[in-house]
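**Q** Got a structure for you, questions after.
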Amino acid sequence: MWGGRYTTGPAEIMEKINASIDFDKRMYAQDIEGSKAHCRMLVATGVITAEDGGKILTGLDQILAEIEAGQFTFRRSLEDIHMNVEARLTEIIGPAAGRLHTARSRNDQVALDVRLWVRDAADRADIQIADLQSALVSRAEEYADAVMPGFTHLQTAQPVTFGHHLMAYVEMFGRDRGRFQDARRRMNESPLGGAALAGTSFPIDRHMTAKDLGFDRPMGNSMDAVADRDFALEYLAAASILATHLSRLAEEIVIWCSAQFRFIRLTDAFSTGSSIMPQKRNPDAAELVRGKAGRVIGALNTLLIVMKGLPMTYGKDMQEDKEPVFMVRDTLDLCISAMTGMVRDLTANRQAMRDATLPGFATATDLADWLVQNLNIPFREAHHITGHMVKLAEDNGVDLSELSLEQMHEVEPRITQEVFEVLGIDNSVRSRVSYGGTAPARVLEQAKLWKERLG
């Protein structure tokens, strides 16, 4: 590989630490795709002959078929996917294979391969998240009127609907898709032609290879082309936020499945048992999604730390960009699929959810709002009055709706019988008709909009 400069081979440990083929062989399709585009451009610009170009393209197609058939031998002594492909190409077509690397360096070649791979990973994440959103929207429609307590600080706050709660995650995952799409737009520039770092003296056509590979344009600076890993960082950042959202939903599934809540039930397909306690039904899939978020966030930190001290342009440190990205793609594959499966699998316990709204005075805000709207009391005063009412109900061991009108008059004499209309859980939920509110009609409205967006 190194030509005449080196007369002996590397030490065994040097070969081991230097080689990346054990993991970068995953980029074989991208490497061959990039090489074919480079070859076609070299022929078109007259840098190599059409005859040699034809041999190279035929040989690359054969290598692709061998790898996909499991008939290709990857050799660590050849370091990486690029040299493994080139060595096999030489075996197939002879000296003409050596012309493929004209006007190209492994620096821009690997930058291209990783960028193509990450672009595919971003597209895959977008499709998978859309499927998860569709599952959530379907369940939200089904449970648009299922009343449950909404929480702040994990304390009962106000009544909401289960459908509304699920639609919150549809919105969150929608932003995740937007981040992957934004990152994809920025990464869609081709580094090929940057060569080692300074470009090349050959009359190459970088716009041709960029178009051939589906990029919007070539990158405008050859040093940036080989040094940049922003695209991988952005992918990992988007993945980390997505993993955080998946983890939050997973945590809620764990809570909702507990005997203390009983809000939902997962079937045997997404539950496990205990080796000693026969009564247990553990939501292990949710717990693992929650746990794997740490891997994804850690991968982002890993690459940030790798890149933070690197001078321009390429350093071997950048070989460490691939394993975190590969691992995150695999982890997201698993976690998004598991979460989509759980959402489609779960059954909500409407009665348990409704019963959980009773303790905690979930309609206290409705009472305060009623005082403002019907007695023209400033909200701060209404808040104070309602606080006295809650204390009165607590002292009597009842809910707000169970106080008598006479008891309420002890706190505020102007209250009328109509106040009981807002103290019911269903009335409270139906009253939240502001845009994006929890009223069942609004939930169904948002579900319809998202179904249209998702197609």
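The values are calculated or read from the model by the stated rules, or taken from the named source; none is laboratory data. This structure is a prediction, so every number in the text was calculated from the model and none was measured. Don't worry about glycine lacking a Cβ; one is built from the backbone with ideal geometry, like all the others, and counts go over all protein chains shown. Note: accessible area is taken over every heavy atom of the protein model, side chains too, but ligands, DNA and RNA are not part of it. Shrake-Rupley method; radii C 1.70, N 1.55, O 1.52, S 1.80 Å.
**Q** Tally Lys and Arg at +1 and Asp and Glu at -1 over the other residues with C-beta under 15 Å from the C-beta of Gln158: what net charge comes out?
**A** After counting each charged neighbour, the total is 0.
**Q** Compute the separation of the alpha-carbon centres of the range 189-258 and the range 329-347 and state it in Å as a whole number.
**A** Spelled out, the Cα-based centre of one part sits 25 Å from the other.
**Q** Follow-up. Per residue of the range 106-123, in order, report the coupling 6.51 cos²θ - 1.76 cosθ + 1.60 (Karplus, θ = phi - 60°) as ³J(HN,Hα) in whole Hz, putting x for Gly and Pro.
**A** 5, 5, 7, 5, 6, 4, 5, 4, 5, 5, 4, 5, 5, 4, 4, 5, 5, 4
**Q** Ratio of the chain's C-alpha Rg to 2.2 N^0.38 Å, to two decimals?
**A** The reported ratio for this selection is 1.35.
**Q** Enumerate the calculated ³J(HN,Hα) couplings along the range 437-450 in order (Karplus 6.51 cos²θ - 1.76 cosθ + 1.60, θ = phi - 60°), each rounded to whole Hz, writing x wherever the residue is Gly or Pro.
**A** x, 8, 3, x, 4, 5, 4, 5, 4, 5, 4, 5, 4, 5
**Q** In whole Å, how far is the Cα centre of the range 353-380 from that of the range 99-149?
**A** Using only Cα atoms, the two centres lie 43 Å from each other.
**Q** Mind checking the alpha-carbon convex hull of the range 13-102 and giving the volume per residue in Å³? Mind showing how you got there, number by number?
**A** Working: hull volume 7.8 nm³, N = 90.
Cα-based convex hull of the range 13-102, divided per residue, equals 86 Å³.
**Q** Here's a follow-up. Summing -39500 (n - 2.57) over the DSSP H runs of n ≥ 4 in the chain and dividing by its residue number, what mean residue ellipticity at 222 nm do you reach, to the nearest 500 deg cm²/dmol?
**A** One gets -20000 deg cm²/dmol as the mean residue ellipticity at 222 nm.
**Q** Expressed as a whole number of Å, what is the distance separating the alpha-carbon centroids of the range 44-88 and the range 282-310?
**A** So the two Cα centres are separated by 35 Å.
**Q** OK, next. From the Cα gyration tensor of the range 258-338, with a ≥ b ≥ c the square roots of its eigenvalues, which class applies: rounded if a/c is under 1.5, or else prolate if a/b is larger than b/c, or else oblate?
**A** Judged from the Cα gyration tensor, the range 258-338 comes out prolate (a/c at least 1.5, a/b above b/c).
**Q** Over the range 13-102, give the accessible area per residue in Å² for a 1.4 Å probe, as an integer. Don't skip to the end; give the middle numbers.
**A** Numbers: 4100 Å² over 90 residues.
Ligands and nucleic acids excluded, the result is 46 Å² per residue.
**Q** What per residue convex hull volume, in Å³, do the alpha-carbon atoms of the range 196-321 yield?
**A** 173 Å³
**Q** While we're looking at this one, here's another question. Where Lys and Arg each count +1 and Asp and Glu each count -1, what net charge lies around Arg295 among other residues with Cβ under 12 Å from its Cβ? Before the final figure, lay out each step's value.
**A** Working: positive: Arg290, Lys292, Arg329; negative: Glu323, Asp330.
Taking every Cβ under 12 Å from that of Arg295, the sum is +1.
**Q** Rounded, prolate or oblate: which fits the range 254-412, taking a ≥ b ≥ c as square roots of the Cα gyration tensor eigenvalues, rounded meaning a/c under 1.5, else prolate when a/b beats b/c?
**A** Judged from the Cα gyration tensor, the range 254-412 comes out oblate (a/c at least 1.5, b/c at or above a/b).
**Q** Continuing with the same structure: List the chymotrypsin sites (Phe, Trp or Tyr not before Pro) in the range 383-455 that DSSP assigns to loop (not H, G, I, E or B) and whose Cβ has at most 11 other Cβ atoms within 10 Å. Which are they?
**A** Taking the range 383-455 and a limit of 11 other Cβ atoms within 10 Å, the loop chymotrypsin sites (Phe, Trp or Tyr not before Pro) found are Tyr435.
**Q** Run the Debye formula on the Cα coordinates of the range 98-179, all scatterers equal and no solvent, and tell me log10 I(q)/I(0) at q = 0.17, 0.21, 0.26 1/Å.
**A** -0.79, -0.95, -1.13
**Q** Do you know the relative contact order of the chain, to the nearest whole percent, from alpha carbon pairs under 8 angstrom that are 6+ apart? Kindly include the intermediate steps, with their values, before the conclusion.
**A** Details: 646 pairs, mean separation 77.7, N = 455.
For the chain, the relative contact order is 17 percent.
**Q** Would you kindly derive the ³J(HN,Hα) couplings of the range 72-89 from the backbone phi angles with the Karplus curve 6.51 cos²θ - 1.76 cosθ + 1.60 (θ = phi - 60°), listing them in order in whole Hz, with x for Gly and Pro?
**A** Working through the residues one at a time gives 9, 9, 8, 10, 5, 4, 8, 6, 9, 5, 5, 6, 5, 5, 5, 5, 5, 4 Hz.
**Q** Here is a follow-up. Among Lys211/Lys322; Lys25/Lys292; Lys280/Lys448; Lys16/Lys322; Lys16/Lys55, which pairs are too far apart, with a Cα-Cα distance over 27 Å?
**A** Working: Lys211/Lys322 25 Å; Lys25/Lys292 24 Å; Lys280/Lys448 38 Å; Lys16/Lys322 17 Å; Lys16/Lys55 33 Å.
Among Lys211/Lys322; Lys25/Lys292; Lys280/Lys448; Lys16/Lys322; Lys16/Lys55, the Cα-Cα distance tops 27 Å for Lys280/Lys448; Lys16/Lys55.
**Q** Against the 2.2 N^0.38 Å scaling, with N counting residues, where does the range 319-452 land? I'd like the Cα-based Rg ratio to two decimal places.
**A** 1.59
**Q** Can you tell me the accessible area per residue over the range 358-454, all protein chains present, probe 1.4 angstrom, in square angstrom?
**A** 56 Å²
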